[in-house]
Amino acid sequence: MAFLEVKNLEITYTIGSGSLKAVDGVSFSLEKGQSLGVVGESGCGKTTIAKGLMQLLPKNGSITGGSIKIDGKEMVGLSREAMRRMRLKEIAMISQSAMNALNPVYTIGDQLVEGIMAHSSLGRKEALRRAVEVFEMVGLEEKRLKSYPHQLSGGMKQRAVIALALTLNPPLIIADEPTTALDVVVQDRILHRILKIQKEINSSMIFITHDISVVSEICEYIMVMYGGKVMEMAKTDDFFRHPYHPYSLGLQNAFPIITEEMEELISIPGSPPNLQNVLPGCRFQERCPFAEQRCRDEEPGFAEPEPGLLTACHFPERVEEFREKAAHRDTWETVRKRLIEEMKEGAAHG
Ligand SMILES: Nc1ncnc2c1ncn2[C@@H]1O[C@H](COP(=O)(O)OP(=O)(O)OP(=O)(O)O)[C@@H](O)[C@H]1O
Ligand code: SF4
Ligand SMILES: [Mg+2]
């Protein structure tokens, strides 16, 4: 069994009298030391997966199905206290927003030392020694331990959050857009720091981002999500050499890897589906240039056109044609026009 096994995970939010399934039957596994990049546009469920794994969902969110096993141990249904004990020590999250992770009224050093003492058997002196060590690992000077969060720059704050998360060498690290708020040079430096530490402590890492080019640099596996579901999953090298799913083809146009020749950016027209009101069939049908009646009638299961590569599309055998067409702006323009027509019709009827 893999170190992390997620099976058929379902996470639901209640809103008023309704509900939406933000994560809908997601399965993946990860071995010790491996890294998985989770990508997809805003609202596809990436952060919800992260919070579900940490069991830090907001009050209106809950795990409504499936299983999460870490080292063979079932996490779903664990008591809050048991889960609290696991955090930081077994599973740590570097969140989307550094500001929220740090308490403004305590120095960074105090927060680190308290965190270490609460989750380990170390005394204050040893905890302080460990805090100095992790500060060094993330490239912060020891004197910064005495600073309050507001006295640090955005980059320093993010490094402090990383120090806080990695202080007890957690075997599973979840990084949710860990550098989005920072400028590109700082982003790059911090990403490489996270990676170096992850390799040093041989942790498994889930790296969440909307930018697939980052995943191409740092993750061994990639999982593409759309509307709460997995569209494609593969080894990163295979995925970037020959993606299968039409949504992946669209994403690769929108976030091309910078190669010698600068490729043209083509965005996917339209926006992700409203999860409170999902249509039957394929979740990508409205924006897919290749959608047919079957896509509207029947939800695609996973096909495995290559060993270890899963794609949730009815037509994996047509991939050559899809790749060729998806590279042209006109293909997506047709979708744009169709969506505009449908919107006009909707407005006329409603
Ligand atoms: N507390 C909440 N209550 C109700 N719905 C929520 C809540 N949090 C998230 N959602 C909904 O769940 C879906 C998934 O949201 P999530 O934050 O997981 O997306 P994401 O992929 O992380 O997006 P982003 O790239 O913008 O961070 C969205 O439709 C979102 O509106
Ligand atoms: S199943 Fe149909 S709508 Fe969905 S991605 Fe494949 S071709 Fe497009
Ligand atoms: Mg998010």
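Using only Cα atoms, figure out Rg for the range 99-169 and give it as a multiple of 2.2 N^0.38 Å. Write out the running numbers ahead of the final one.
Working: Rg = 10.8 Å, N = 71, 2.2 N^0.38 = 11.1 Å.
Here the Cα radius of gyration is 0.97 times the empirical estimate.
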key: Rounded if a/c under 1.5, otherwise prolate or oblate - the range 11-101, Cα gyration tensor axes   = rounded
ask   = How much net charge surrounds residue 147 when only other residues with a Cβ under 13 Å from its Cβ are counted (Lys, Arg +1; Asp, Glu -1)?
value = +2
inquiry  = Using 23 Å as the Cα-Cα cut-off, could you pick out the over-long pairs in 7/157; 7/196; 21/59; 21/73; 46/337; 32/73?
reply    = 7/157; 7/196; 21/73; 46/337
request  = Would you mind calculating the relative contact order of the range 209-303 from Cα pairs under 8 angstrom and at least 6 residues apart, reporting the percent as a whole number?
outcome  = 21 percent
query = With axes computed from alpha carbons, what is the tilt in degrees of helix 124-137 against the longest principal axis of the chain, rounded to the nearest 10 within 0 to 90?
reply = 50 degrees
ask   = Can you tell which of 309, 339, 249 shows the greatest fluctuation in a Gaussian network model of the chain with Cα springs below 10 Å?
value = 339
query = Expressed as an acute angle from 0 to 90° and rounded to the nearest 10, what is the orientation of the C-alpha long axis of helix 329-349 relative to the principal long axis of the chain?
reply = 80 degrees
Most mobile listed residue (321, 133, 90) in the chain, GNM with C-alpha springs under 10 Å = 321
request  = Would you look at the GNM of the chain, springs on alpha carbons closer than 10 Å, and say which of 250, 66, 18 moves the most?
outcome  = 18
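Report the extension gain between residue 320 and residue 146 in nm, rounded to one decimal, defined as 0.36 nm multiplied by the number of residues separating them, less their alpha carbon distance.
Numbers: separation 174, 0.36 × 174 = 62.64 nm, distance 5.82 nm.
Between residue 320 and residue 146, full extension yields 56.8 nm more.
With charges only on Cβ, +1 for K and R and -1 for D and E, what is the dipole size of the range 104-242 about its Cα centre, in debye, rounded to 20?
On the way: 16 positive and 18 negative charges, 95 e Å.
For the range 104-242, the charge dipole is close to 460 debye.
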query = Whose amide H sits under 5 Å from the amide H of residue 226, counting only residues 5 or more places off or on another chain, with H placed in the peptide plane?
reply = 231
ask   = From the residues 236, 192, 72, which one has its Cα farthest along the dipole of the chain in the positive direction, the dipole being from +1 and -1 charges on Cβ of Lys/Arg and Asp/Glu about the Cα centre?
value = 72
key: Net charge dipole size for the chain [Lys, Arg +1 and Asp, Glu -1 on Cβ; Debye, nearest 20]   = 1680 debye
request  = Quick one: grab the alpha carbon gyration tensor of the range 241-349, order the square roots of its eigenvalues as a ≥ b ≥ c, and give me rounded if a/c is under 1.5, else prolate or oblate depending on whether a/b is larger than b/c.
outcome  = oblate
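Counting Lys +1, Arg +1, Asp -1, Glu -1, what net charge surrounds residue 136 among other residues with beta carbon under 14 Å of its beta carbon?
Neighbourhood net charge equals +3.
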task = Report, in degrees rounded to the nearest 10, the 0 to 90 angle that the Cα long axis of helix 154-166 makes with the longest principal axis of the chain.
result = 80 degrees
inquiry  = What distance in nm lies between label points placed 7 Å from Cα along the C-beta direction at residue 133 and residue 62?
reply    = 4.1 nm
remark   = In whole Å, largest first, the alpha carbons of the chain cover along the principal axes 67, 49, 43
Selection from 327, 349, 253 lying farthest towards where the dipole of the range 241-349 points positive, charges on Cβ = 349
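Every number here is computed from the coordinates shown, using simple stated rules; none is lab data. Owing to the predicted nature of the structure, the values given are computational and were not obtained by experimental measurement. Glycine gets a Cβ as well: all are built from the backbone with ideal geometry, and neighbour counts include every protein chain shown.
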